[in-house]
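A.B. asks: I am attaching a structure below and will ask some questions about it afterwards.
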2 protein chains.
Amino acid sequence: MAARAVATERPKTRMRILAACRRLFNERGPAAVTTAEIAASVGINEGNLYYHFQRKEQIVEALFAEFEHGFRDVAAAYSPGADDPRHYRDYFAGWFNLMWEWRFFYRDGAAVDRMAPRLRRHLKALADDGQAQVRRVLHGMAAAALIRASPQEIEMLVVNGWIIATYWIDYLRSRHGIAAIRREHIDWGAAQAMGLFLPYLTPRGRAVVELARSATA
Amino acid sequence: MAARAVATERPKTRMRILAACRRLFNERGPAAVTTAEIAASVGINEGNLYYHFQRKEQIVEALFAEFEHGFRDVAAAYSPGADDPRHYRDYFAGWFNLMWEWRFFYRDGAAVDRMAPRLRRHLKALADDGQAQVRRVLHGMAAAALIRASPQEIEMLVVNGWIIATYWIDYLRSRHGIAAIRREHIDWGAAQAMGLFLPYLTPRGRAVVELARSATA
């Protein structure tokens, strides 16, 4: 009986550690958080933390696996052929919610890279898939007459959209000294990314933006 | 005579050190270059290098002062009220040439920040001036009927243009593993930044882009 209790308790502790780390890393960045703080935040001792994760790198890798899972869920939420503006509004909101939930990966990319270099190829594969997906969605929006854009314009939008979505958090830090990202900043980032697409929207397509604005207002 | 020879020789050595460092830093980043390599590249011994610069931080600060000078020259090249498309073509080409000449500041911003934290407030002042200048130029282009954009659209363009211009080098590195920036990459970055403005150009304004394309073709 005792052995069974331990066996079910361990995965729970692991989940609690990861949840605490996501919160702490989002607040202060993975480089600034010590293993002592992690253990204290979970209410376990450092030996117990060490039992689950021998190095902080392993925590970052485990969190990245969760992030990857969320990323693929958001990408998969697109329905090919959809022409309801609400579908696109929800789809883009999904990306920005993901960024909010995992903001340390966006804000502290260089620190994550130094700490867990093995993630590099996972990150590349994820970005490949993500860009391919955004490309599909934009072609879908063109087919549904929500945007009017040539294939070359769509390529430019995929890359510029990716650069804005990846770096707006670092822009706020380096340009305005904003280190703690709040919900209002996410809305600001979403509006900047949306700005790229505004001139390509058809009158029907503007409904996507109007819906997004009324949702956050 | 000997004292005079030394007195005129010293500023020249200092300039040669800075020129060598700019080249080495552009090639490999300031963190990867050792003081031994710098001395060898200039053809002096490390004691002589130490006479001019006691720490690498001081070299980075001296190079930043040169960059700042170049930045203000590029910004000042705008003629308020200009309506010749060639003027705007040259003006934007000036910014991208500056990025090419000082690409390590754009590519290795995080390393520079760790190495020379005192530059932070200079960088902020420079970015404030740079954005104000781009804003003035875009209002100038609107007044000259080269673009058609509302003040809100101009604000969005200033920020998105800044994010693209600041981070496209890091995007090429993190996304495509491109660490050595070549001229062709500069053209790529310029085309991506230009892409932001395309939908706002009037038929007259398109001449700016046509001129830029024929200049790099």
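The values are calculated or read from the model by the stated rules, or taken from the named source; none is laboratory data. Just so it is clear, the structure is predicted and the values come from calculations on it, not from any experiment. Positions of Cβ are backbone-derived with ideal geometry, glycine not excepted, and every protein chain shown enters the neighbour counts.
A.B. asks: Residues of segment A:7-33 being among the β-branched types (Val, Ile, Thr) and under 27 Å from A:Ala180 (Cα atoms), which ones?
C.D. replies: Scanning segment A:7-33 gives A:Ile17, A:Val33.
A.B. asks: Scan (1) buried (at least 19 other Cβ atoms within 10 Å of the Cβ); (2) more than 9 Å from chain A (Cβ to nearest Cβ); (3) of a type in the set (A, V, I, L, M, F, W, C) for the single condition B:Ala193 breaks and write down its number.
C.D. replies: Checking B:Ala193 against (1) buried (at least 19 other Cβ atoms within 10 Å of the Cβ); (2) more than 9 Å from chain A (Cβ to nearest Cβ); (3) of a type in the set (A, V, I, L, M, F, W, C), the one that fails is (2).
A.B. asks: Checking the conditions here, which among B:Phe67, B:Phe25 is assigned by TED's automatic domain parsing to the domain that holds B:Pro117, closer than 27 Å to B:His185 by Cα and not polar (S, T, N, Q)?
C.D. replies: So the residue among B:Phe67, B:Phe25 that is assigned by TED's automatic domain parsing to the domain that holds B:Pro117, closer than 27 Å to B:His185 by Cα and not polar (S, T, N, Q) is B:Phe67.
A.B. asks: To continue, here is another question. Given the criterion closer than 28 Å to B:Ala180 by Cα, surrounded by 15 or more Cβ atoms within 10 Å (Cβ to Cβ) and of a type outside the set (Lys, Arg), identify the matching residue among B:Ala93, B:Ala36. First the steps, then the outcome.
C.D. replies: Numbers: B:Ala36 fails: surrounded by 15 or more Cβ atoms within 10 Å (Cβ to Cβ).
Matching residue, one of B:Ala93, B:Ala36: B:Ala93.
A.B. asks: While we're on this one: When you go through B:Arg204, B:Arg173 one by one, which is the residue that is at pLDDT below 90, more than 13 Å from chain A (Cβ to nearest Cβ) and in contact with a helix residue (DSSP H, G or I) (Cβ under 9 Å, 6 or more places away or on another chain)?
C.D. replies: Residue meeting the stated conditions: B:Arg204.
A.B. asks: For segment B:168-212, enumerate the residues that are closer than 26 Å to B:Asn26 by Cβ, basic (Lys, Arg) and over 20 Å from the mean Cα position of the chain (by Cα).
C.D. replies: B:Arg175
A.B. asks: Next up: Answer with yes or no whether B:Ile38 is part of a helix (DSSP H, G or I) and either not acidic (Asp, Glu) or not assigned by TED's automatic domain parsing to the domain that holds B:Val209 (or both). Let's see the steps before the verdict.
C.D. replies: Numbers: part of a helix (DSSP H, G or I): yes; either not acidic (Asp, Glu) or not assigned by TED's automatic domain parsing to the domain that holds B:Val209 (or both): yes.
Judged against the criteria, B:Ile38 is a match.
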